[in-house]
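What follows draws every value from the coordinates through simple rules; no lab data is involved. Please read all numbers here as calculations on a predicted model, not as lab measurements. Because the Cβ atoms are built from the backbone with ideal geometry, glycine has one as well, and the counts that use them run over all protein chains shown.
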Amino acid sequence: MYARYFERNALGRTIADVRVLDARVVATRKLSTLRGRSFRKVRRHGKHLFADAGGVWLHLHFGMTGDLVAFRDDPPRFARVIFDFDDGAHLAYEDMRLFGVVDLTPSPEEFIRAHNLGPDPLEIRLPEFRRRIAGRRGRIKALLMSQDFLAGLGNLYADEALYRASIHPRRPANRLRDDEVRALFIAIRGVLREAIGFKSRGGDYPARYLVPHRIEGDRCPRCGGTIRRTIVAGRTTYFCGRHQR
DNA sequence: AGTACCACCTGACGGC
DNA sequence: TGCCGTCAGGTGGTAC
């Protein structure tokens, strides 16, 4: 979703200036080397966005409150970095809680290696998913959130995928049946692809999703069960007490 | 290998 | 009105 937005609002334009409004999200002092360059292509890997600026790549991570906002006149309230283009357009990287990162990296591959990121779920097939999950004894939700296992799922989407696959978040990964592993893989890909789709269109989560029902005691839109709230892997976790086993 | 816990940060919200 | 504690979330670190 950020990748598409970046493509629409930054690709092909010449960067006139990069303004750092809050250095706490910027992990390099060299963003100014982007001046005069232009972004040629965009790549996403998990939660990371990379933009090719010719010999160097811009890397963006959005933490939890990070976002991109194109604007003409007034920057958004929590703008931390602003890219000024020579055609008068501006793109703000905003991040209220400052957990995100704006960075430069030699290449996406280099970054992925350095940070030991697992594959993007949309770029692998079921056999590789099976191989990676085999022998892992931890709780399935903890595994789904581990970026070195798979890159791209956070707390909400891990819950969402497990909900869709009818799997209890505390199940040990190596005790999932073959059909459950398959269902989970399909659920992960479905959730990511759909989320990219409707978030790109500025939409919200459909009512059939678990996300709008992250309320203790709420009704499961799928089976009418009761939504439970608990802590798994240190994170607030919601699941349906009836259909997730 | 897996887990627990902390820090980072700020706005929203409930309690008093 | 306003202060205070708590919570939310991604990541990266430490300790067990």
Label model pair A:R245, A:I124: point-to-point distance (7 angstrom along the Cα→beta-carbon line) in nm is 2.7 nm
Between the alpha carbon centres of the stretch A:204-219 and the stretch A:1-66 the gap in Å comes to 33 Å
For A:K141, counting only lysines whose alpha-carbon sits under 19 Å away and dropping same-chain residues fewer than eight positions off, the answer is A:K47
Gyration tensor (Cα only) of the stretch A:83-134 to equivalent ellipsoid, semi-axes in Å sorted down, yields 33, 14, 13
Burial-style ranking of A:25-34, A:72-81, A:154-163, A:55-64, average other-beta-carbon count within 10 Å with highest first, yields A:154-163, A:55-64, A:25-34, A:72-81
Taking Cα atoms only, helix A:178-200 is inclined relative to the longest principal axis of chain A by an angle, in degrees rounded to 10, of 40 degrees
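Between A:D87 and A:H115, what is 0.36 nm times their sequence separation minus the Cα-Cα distance? Round to one decimal in nm. Numbers along the way, then the final one.
Values: separation 28, 0.36 × 28 = 10.08 nm, distance 3.54 nm.
Contour length minus the Cα-Cα distance gives 6.5 nm.
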For A:F99, other-chain or 5+-apart residues with amide H closer than 5 Å (H placed, Pro excluded) are A:M64, A:T65
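What percent does the relative contact order of chain A come to when contacts are Cα pairs within less than 8 Å and at least six residues apart?
Result for chain A is 16 percent.
For A:Q147 and A:C223 in the same chain, what is the full-extension length gain: residue separation times 0.36 nm, less their Cα-Cα distance, in nm?
Values: separation 76, 0.36 × 76 = 27.36 nm, distance 3.09 nm.
Full extension of this stretch gives 24.3 nm more.
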Under the rule rounded for a/c under 1.5, else prolate if a/b exceeds b/c, else oblate, using alpha carbon gyration tensor axes a ≥ b ≥ c, the stretch A:1-80 is classed as rounded
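What number does chain A give for Rg over Rh if you use C-alpha atoms and the Kirkwood radius?
On the way: Rg = 19.5 Å, Rh = 19.3 Å.
Rg divided by Rh gives 1.01.
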Computed, not fitted: 222 nm per-residue ellipticity of chain A from DSSP H runs ≥ 4 (each -39500 (n - 2.57)), nearest 500, equal to -7500 deg cm²/dmol
So the angle from the long Cα axis of helix A:155-164 to the longest Cα principal axis of chain A, reported in degrees to the nearest 10, equals 40 degrees
